[in-house]
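Read through the structure below, which is laid out as structure tokens, and then see the notes.
The values are calculated or read from the model by the stated rules, or taken from the named source; none is laboratory data. Not measured: the values here are computed from a predicted model. Neighbour counts run over all protein chains shown; Cβ positions are idealised from the backbone, glycine included. The protein model used for the area step is the full one, side chains on, heavy atoms only, and it has no ligands, DNA or RNA in it. Shrake-Rupley method; radii C 1.70, N 1.55, O 1.52, S 1.80 Å.
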Amino acid sequence: MPHLLALDQGTTSSRTIVFDERGAQIAVAQQEFEQHYPKPGWVEHNAEEIWESQLATMRSAIRRAKVQASDIAAIGITNQRETTVLWDRRTGEPLYRAIVWQDRRTAELCDRLRADGHNETFHRKTGLLLDPYFSGTKIAWLLEHVDGLRRRAENGEVCFGTIDSWLIYRLSGNTDHLTDVSNASRTLLYNIHELDWDDELLGILDIPRAMMPEVKPSAGRFTELDRGLLGADIPITGVAGDQQAALFGQACFDTGMAKNTYGTGAFIVMNIGEKPASGEGVLTTLAWQLEGQPAVYAMEASIFIAGAAVQWLRDGLGLIKTAAEVEDLAKAVDDSGGVYFVPALTGLGAPHWDPYARGTIVGLTRGTTRAHLARATLEAMAFQTRDGIEAMQRNANLDLKELRVDGGAVKNNLLLQFQADLLETPVLRPKVVETTALGATYLAGIGADVFDQASIRSHWQLDQRFKPAMDRSERERRYHEWRRAVERSKGWIESS
Ligand code: ADP
């Protein structure tokens, strides 16, 4: 019986999951790795450790599943996006630590590029903004700061890759330098209209094209595993960045379908079909491409603090002992009693993009209790989601019919009911909320002809549907008050 292996390389851990040919999870292995913070705002990973932890979890997941490597029909990869690795093309040795997506060291470079009027060019061609989040300015930083690197890069001796690319290189025995369209679209260097690296953008950042990987569709044949690793020639047939993989794992295959992942932050991604609409305040990105088919685009709104605000109630304030307790505490009151909590603890992401905003609690009275604050914290996840979705709908001119949800916070029924009320749209929680790994598996299955999209659509199973129940005037009154609270949180830090 054919099995599929999903490599889920995340920001804090590497995981491997073995799925059977119906998409059911058989075994999982996970290994955390070290986070390096060499300076304030800098975040690095050791690329070698990422590789070793990934390989170790591959081996132990296969062992736990009690299958042979030769029973694995295909491998799918999903990964933390934007994180940047440079390595020696000949030896496969990393040339510096991986610079992680969260790293802010290129903020000044981005300010400079914006001041020179480049933002519009990057936005038009890549769907992104000039922000340190994306890979492009991280590569530019490395070329400038690592001794001798630029000359070697110009000679074609250096490979750049996001984490998918790095893993593929190692998995293929240091031979294949590849990535997929969804990961390429997060680099600030990939033209999402022409589906190619963009010479003008490479020129602005002074990055030699020779460093860039070949870009493939997300489902199709990438390469084969080096036989020495697991003792079998297993093909890699699916690759996508984590949020795009989650959209695929949620079977959001039609234009206008969207998912939201409520984890530390929240990531709303909407399928906008085969034409890239450009968005004010939200990003346009490639969702995926299946071999032989047109690319599919998505709009994305990234919210930096969602479940992390619940962690703050737990660790910062000590109001609750576990994240799960927040639901009962919030249920102790009927509403937030006029309290609004804007959790701009690290600034605001989409659609406001204000790095100078800070967390703000408004509407406190003598009657305010910890229960009101707990409720306001949960409601903030839903309010921020509505901000993101409204911006997408304005830009893409699409009507959201339902929102599929996943991530650690979707156990919380109160949150999901409020979300449905606030969007006036049904919210659907699937049975399997491990949608990222599932998405990688589905892509790999399609690439290896084990699955087709129709069968994946029918695999998707509902756990619970939350129907909107709040009356319109109440909903709009609350949302209006939220928007006033957001205005008060903006621009709090005065730039020096
Ligand atoms: P990530 O993948 O970003 O690390 P997860 O998807 O594992 O995050 O989700 C963890 C987040 O979900 C934490 O921030 C936690 O505070 C939040 N969370 C967990 N359980 C609940 C709950 N019952 N209600 C609200 N938030 C929760």
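How about the range 6-43: which of its residues are touching a residue at least 60 places away in the same chain (Cβ under 8 Å), touching a Leu at 6+ places or on another chain (Cβ under 9 Å) and either polar (S, T, N, Q) or away from the ligand (no atom under 15 Å from the Cβ) (or both)?
Scanning the range 6-43 gives Ala6, Leu7, Gln9, Phe19, Glu21, Gly23, Gln25.
Can you find a residue in the range 452-475 that is small (Gly, Ala, Ser), surrounded by 14 or more Cβ atoms within 10 Å (Cβ to Cβ) and either under 20 Å from Ala420 (Cα atoms) or touching a strand residue (DSSP E or B) at 6+ places or on another chain (Cβ under 8 Å) (or both)?
no
Which of (1) open to solvent by less than 10 Å² (accessible area, probe 1.4 Å); (2) out of contact with any Gly (no Cβ under 8 Å at 6 or more places or on another chain) does Lys331 not meet, given it meets every other one?
(1)
Restricting the range 350-373 to residues that are basic (Lys, Arg) and in contact (Cβ under 8 Å) with a residue 40 or more places away in the chain, which is surrounded by the most Cβ atoms within 10 Å (Cβ to Cβ)?
Restricting attention to the range 350-373, the residues satisfying the condition of being basic (Lys, Arg) are 358, 366, 370.
This time we only want the ones that are in contact (Cβ under 8 Å) with a residue 40 or more places away in the chain, so: 358, 370.
Working: Arg358: 17, Arg370: 15.
Per the criteria, the residue is Arg358.
So if I check each of Arg375, Arg358, which one is within 16 Å of the ligand (Cβ to nearest atom) and closer than 23 Å to Thr264 by Cα? Show your work before the answer.
Details: Arg358 fails: within 16 Å of the ligand (Cβ to nearest atom).
Arg375 is the lone residue from the list that is within 16 Å of the ligand (Cβ to nearest atom) and closer than 23 Å to Thr264 by Cα.
Return the residues of the range 355-369 that are within 20 Å of Gly281 (Cβ to Cβ) and part of a loop (DSSP other than H, G, I, E, B); say none if nothing qualifies.
First pass over the range 355-369, keeping only residues within 20 Å of Gly281 (Cβ to Cβ): 355-358, 360.
Of everything in the range 355-369, those that are within 20 Å of Gly281 (Cβ to Cβ) and part of a loop (DSSP other than H, G, I, E, B) turn out to be Pro355, Tyr356, Ala357, Arg358.
Residues Gly156, Gly173, Gly136, Gly203: which one is at pLDDT 95 or above and closer than 30 Å to Ala232 by Cα? It would help to see each step written out before you state the result.
On the way: Gly156 fails: closer than 30 Å to Ala232 by Cα; Gly136 fails: closer than 30 Å to Ala232 by Cα; Gly203 fails: closer than 30 Å to Ala232 by Cα.
Step by step, each of Gly156, Gly173, Gly136, Gly203 is checked, and only Gly173 is at pLDDT 95 or above and closer than 30 Å to Ala232 by Cα.
Is it fair to say Gln461 is modelled with pLDDT under 95 and in contact with a Lys or Arg (Cβ under 7 Å, 6 or more places away or on another chain)?
Values: modelled with pLDDT under 95: yes; in contact with a Lys or Arg (Cβ under 7 Å, 6 or more places away or on another chain): yes.
So Gln461 passes the test.
Quick check, is Val342 more than 16 Å from the ligand (Cβ to nearest atom), in contact (Cβ under 8 Å) with a residue 60 or more places away in the chain and in contact with a Pro (Cβ under 8 Å, 6 or more places away or on another chain)? Quick ask: steps written out before the conclusion?
Working: more than 16 Å from the ligand (Cβ to nearest atom): yes; in contact (Cβ under 8 Å) with a residue 60 or more places away in the chain: yes; in contact with a Pro (Cβ under 8 Å, 6 or more places away or on another chain): no.
Answer is no for this residue.
Quick check, is Lys401 of a type outside the set (A, V, I, L, M), touching a residue at least 12 places away in the same chain (Cβ under 8 Å), out of contact with any strand residue (DSSP E or B) (no Cβ under 7 Å at 6 or more places or on another chain) and away from the ligand (no atom under 16 Å from the Cβ)? If you could, list the steps in order and put the result at the bottom.
On the way: of a type outside the set (A, V, I, L, M): yes; touching a residue at least 12 places away in the same chain (Cβ under 8 Å): yes; out of contact with any strand residue (DSSP E or B) (no Cβ under 7 Å at 6 or more places or on another chain): yes; away from the ligand (no atom under 16 Å from the Cβ): yes.
It is true that Lys401 is of a type outside the set (A, V, I, L, M), touching a residue at least 12 places away in the same chain (Cβ under 8 Å), out of contact with any strand residue (DSSP E or B) (no Cβ under 7 Å at 6 or more places or on another chain) and away from the ligand (no atom under 16 Å from the Cβ).
Can you tell me which of Asn260, Asn271 is in a strand (DSSP E or B), within 16 Å of the ligand (Cβ to nearest atom) and open to solvent by less than 20 Å² (accessible area, probe 1.4 Å)?
On the way: Asn271 fails: within 16 Å of the ligand (Cβ to nearest atom).
Going through Asn260, Asn271 in turn, just one is in a strand (DSSP E or B), within 16 Å of the ligand (Cβ to nearest atom) and open to solvent by less than 20 Å² (accessible area, probe 1.4 Å): Asn260.
Please go through (1) touching a Pro at 6+ places or on another chain (Cβ under 9 Å); (2) within 16 Å of the ligand (Cβ to nearest atom) for Gly347 and return the number of the only condition it doesn't satisfy.
(2)
Can you work out which of the residues in the range 244-257 that are open to solvent by 20 Å² or more (accessible area, probe 1.4 Å) and in contact (Cβ under 8 Å) with a residue 40 or more places away in the chain is nearest to His459 (Cα to Cα)? Don't jump to the end; show me each part of the working.
Applying the first criterion (open to solvent by 20 Å² or more (accessible area, probe 1.4 Å)) to the range 244-257 yields 253-255, 257.
Now drop any that are not in contact (Cβ under 8 Å) with a residue 40 or more places away in the chain, which leaves 253, 255, 257.
Working: Phe253: 13, Thr255: 19, Met257: 17 Å.
Only one residue fits best here, namely Phe253.
Pick out the one residue from Ala73, Ala56, Ala29 that is open to solvent by 10 Å² or more (accessible area, probe 1.4 Å), closer than 22 Å to Ala240 by Cα and assigned to a strand (DSSP E or B). Step through it out loud before you land on a result.
On the way: Ala56 fails: assigned to a strand (DSSP E or B); Ala29 fails: open to solvent by 10 Å² or more (accessible area, probe 1.4 Å).
Going through Ala73, Ala56, Ala29 in turn, just one is open to solvent by 10 Å² or more (accessible area, probe 1.4 Å), closer than 22 Å to Ala240 by Cα and assigned to a strand (DSSP E or B): Ala73.
Does the range 200-218 contain any residue that is under 21 Å from Glu154 (Cβ atoms), in contact (Cβ under 8 Å) with a residue 12 or more places away in the chain and of a type in the set (Gly, Ala, Ser)?
Yes, the range 200-218 contains a residue that is under 21 Å from Glu154 (Cβ atoms), in contact (Cβ under 8 Å) with a residue 12 or more places away in the chain and of a type in the set (Gly, Ala, Ser).
Do you know which of the residues in the range 104-142 that are part of a loop (DSSP other than H, G, I, E, B) and without any contact (Cβ under 8 Å) to a residue 12 or more places away in the chain is surrounded by the fewest Cβ atoms within 10 Å (Cβ to Cβ)? Break it down stepwise before answering.
So in the range 104-142, the residues part of a loop (DSSP other than H, G, I, E, B) come out as 104-106, 116-118, 127-134.
Adding the requirement that they be without any contact (Cβ under 8 Å) to a residue 12 or more places away in the chain leaves 116-117.
On the way: Asp116: 10, Gly117: 8.
Looking at residues that are part of a loop (DSSP other than H, G, I, E, B) and without any contact (Cβ under 8 Å) to a residue 12 or more places away in the chain, I get Gly117.
Considering only the range 170-228, state which residues are within 18 Å of Ala444 (Cβ to Cβ), over 22 Å from the mean Cα position of the chain (by Cα) and open to solvent by 30 Å² or more (accessible area, probe 1.4 Å).
Asp176, Arg221, Glu224, Asp226, listed by residue number.
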